[in-house]
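A short worksheet on the structure shown next.
Every number in this text was worked out from the coordinates using simple rules, so none of it is lab data. Since the model is a prediction, treat every value here as computed from it, not as a measurement. Heads up, the Cβs are rebuilt from the backbone with ideal geometry, glycines too, and the neighbour counts pull from every protein chain shown.
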Amino acid sequence: MSKSENTLLVLEAALERIKKGKPKRVSIHRKLSVRAVEEEANLGNGSGYYYPKFVEKVKLVKAELASEEGETVQPEIQTVRTKLKEQKRIKDNYKIKYELEREKLALFAAAQHHLNDKLVEALARINELEYANLELRERIAEIKRSKVLPLR
């Protein structure tokens, strides 16, 4: 027997142990996957994927075990589609939140600009009033000086 045949036999024996519920190296409660079978067979990560028929066999056994427990196993394409829909939904939610925040920021910037204009106008008015107040005080001082009579 060649090395690849021995590896395949080890993988299939590990799959059978997991299928019967009596694994040696992995937890009984661990989900069935190619990686779990590789660990049960004490092989390296990815070594099971050199045997495409074995990978299919793991998928079939997984579906059988799930059907015995009353669960349904979705095909990989369905799983990928479900994940894609979820990611699209999350992306759309973020996009909506982004647009709302952008609108809020635009409103805030407009309000800030309006308040800045009002502040500039108020400061200009204050300067005008201070100047007018200064002129009036000077006139009052002149009037009071003109009313002062010299002592003889």
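The separation of region 13-48 from region 92-152, counted between C-alpha centres, amounts to 79 Å. Helices in the chain, meaning DSSP H runs of at least 4 residues, each add -39500 (n - 2.57). Divided by all residues, the mean residue ellipticity at 222 nm is -27000 deg cm²/dmol.
Computed on the Cα trace of region 14-152, the radius of gyration divided by the Kirkwood hydrodynamic radius gives Rg/Rh = 1.78. Please name whichever of Ala63, Leu84, Val26 sits farthest to the positive end of the charge dipole of region 1-89, dipole taken about the Cα centre and charges placed at Cβ: Lys and Arg +1, Asp and Glu -1. Among Ala63, Leu84, Val26, the one farthest towards the positive end of the dipole of region 1-89 is Leu84. Report the percentage of all Cα-Cα pairs in region 1-84 whose separation exceeds 19 Å, rounded to a whole percent. The proportion of pairs with Cα distances above 19 Å equals 39 percent.
First check a/c for region 82-152, with a ≥ b ≥ c the square roots of the eigenvalues of its C-alpha gyration tensor; if it is under 1.5, answer rounded, and if not, answer prolate when a/b is larger than b/c or oblate otherwise. In terms of gyration-tensor shape, prolate. The gain in end-to-end length when the Leu134 to Met1 segment is fully stretched comes to 36.7 nm, 0.36 nm per residue minus the alpha carbon separation.
Applied to region 4-20, the Karplus parametrisation 6.51 cos²θ - 1.76 cosθ + 1.60 on θ = phi - 60° returns per-residue 3J(HN,Hα) values of 5, 5, 4, 4, 5, 5, 5, 5, 5, 5, 5, 4, 4, 4, 5, 4, 7 Hz, with x for Gly and Pro.
Show me 18-29, 55-66 ranked by packing, highest mean number of other Cβ atoms within 10 Å first.
Listed from highest to lowest mean packing, they are 55-66, 18-29.
Whole-Hz Karplus values for region 37-49 come out as 5, 4, 5, 5, 7, 6, 10, x, 5, x, 5, x, 6 Hz, taken residue by residue from phi with 6.51 cos²θ - 1.76 cosθ + 1.60 and θ = phi - 60°; glycine and proline positions read x.
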